[in-house]
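Below: the structure, in C-alpha cells.
FYI, it's all coordinate maths here, none of it is from the lab. From a predicted model like this one, the values you see are computed outputs, not experimental measurements. Neighbour counts run over all protein chains shown; Cβ positions are idealised from the backbone, glycine included.
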Amino acid sequence: MTSEEPRGAGLPAMIAIGLLAGFLSGLLGVGGGIVLVPLMVAVLRYDQHTAHATSLAAIFFIALAGAVTFAVSGEVDLPLAVSLGVGGVLGSTLGARLMKQASVRTLQLAFTVLLTAAGLRMVIGGAPVPVGDNRASWVTWVIGALIGFAAGFSSGLAGIGGGVIMVPAMVILLGTSQHTAQGTSLLAILVTSLAGTRVNLKNGLVKLRPAVVIGIAGAVAAPLGALAALAIANDQLARWFGLFLLFMAARSFRRILWGPKGAVAED
C-alpha cells in the first residue's frame with residue numbers, strides 16, 4: 001500500500017472531491033467513480049492505476065449512504081441486488097486482477113468508452129420494458145447476475161462502481177423503475193467495491209487515507225443527492241448529467257490522442 005502523498009493532495013481538495021462525487025452518486029445511482037477518477041488524476045495528481053483503485057475503495061462509503069436513503073423510501077429490490085452482487089464479485093475480482101497488467105493508455109481508453117456509453121444512454125433515453133412482466137424470478141436473477149458481472153468487471157478494471165452499467169441495464173432489460181434501479185444499484189455496488197478493493201489492497205494500489213477521507217465526505221453528500229433524485233424529475237436530471245459525461249469523455253479522449261505518453265497526472 002502506498003503511503004506517500006503527492007504535493008497538493010490536501011484535505012480540503014479530498015473533501016471537495018468526495019462531496020461532489022457523493023452527491024452525484026446519490027442523484028444517479030452510480031458509485032461515483034465517473035467523477036472520482038478524473039478528479040483524482042487532475043487535482044490530486046495520482047497516476048491512473050492508483051486513481052482507479054483508490055476510487056473503488058472510496059465508493060464503498062458513498063454507495064452505503066446512498067443505498068440506505070433509497071431503502072428507507074422503499075426503492076431497493078433486495079433479491080435483485082443479491083444477484084447483481086454475486087455476479088459483481090466475480091467480475092470485479094477478475095477486472096481488478098487484469099488492471100495491474102493493463103497499460104495506462106488502455107485504462108484511459110476503457111474509462112473513456114464507459115463514459116461515452118453511459119452519457120449517450122442518459123441523453124437519448126429509451127423505452128423501458130414494461131414493469132411487472134411475467135418473467136420467471138429465476139430468469140430475472142440470472143439476468144441480474146450477468147448484469148452484475150459486466151458491471152463488476154468494469155468496476156475492477158476501470159475503478160467505476162458499475163452503476164453506469166447496472167442502472168440502464170435494469171431499466172431496459174428488466175423493466176425496473178428508475179428510482180428502484182438506482183437504489184438497487186447502490187446496494188450491489190457495496191459488494192463489488194469490497195471485492196475489487198480486496199485485490200487492489202493486495203497489489204498495493206490503494207491510498208488508504210485519501211480513500212477514507214473522500215469516502216466519508218461522499219457519504220455525507222450521497223443522501224442529499226438521493227433525496228433530490230426521489231423528488232425531482234429524474235429523466236431530465238439524467239439527460240443533463242449525460243451531457244456532462246459526454247464532455248468528460250471528449251476531454252479524456254483528447255488527452256489520449258494528444259496528451260503526453262503515460263499517466264494523465266503528468267500533465
* Length gained when the stretch Leu173-Gln236 is fully extended (0.36 nm per residue, less Cα-Cα span) -> 20.6 nm
* Pair Leu227, Leu98: separation of 7 Å Cα→Cβ label points (nm) -> 4.0
* Structure fact -> Taking a ≥ b ≥ c as the square roots of the Cα gyration tensor eigenvalues, with a/c under 1.5 meaning rounded and otherwise prolate when a/b beats b/c or oblate if not, the stretch 173-264 comes out oblate
* Asked: Using a simple spin-label model with points 7 Å from Cα along the Cα→Cβ vector, what separation in nm is obtained for Leu146 and Arg251?
  -> 3.6
* Structure fact -> FRET efficiency (Val139, Trp258; Cβ distance; R0 45 Å; to 0.05) is 0.45
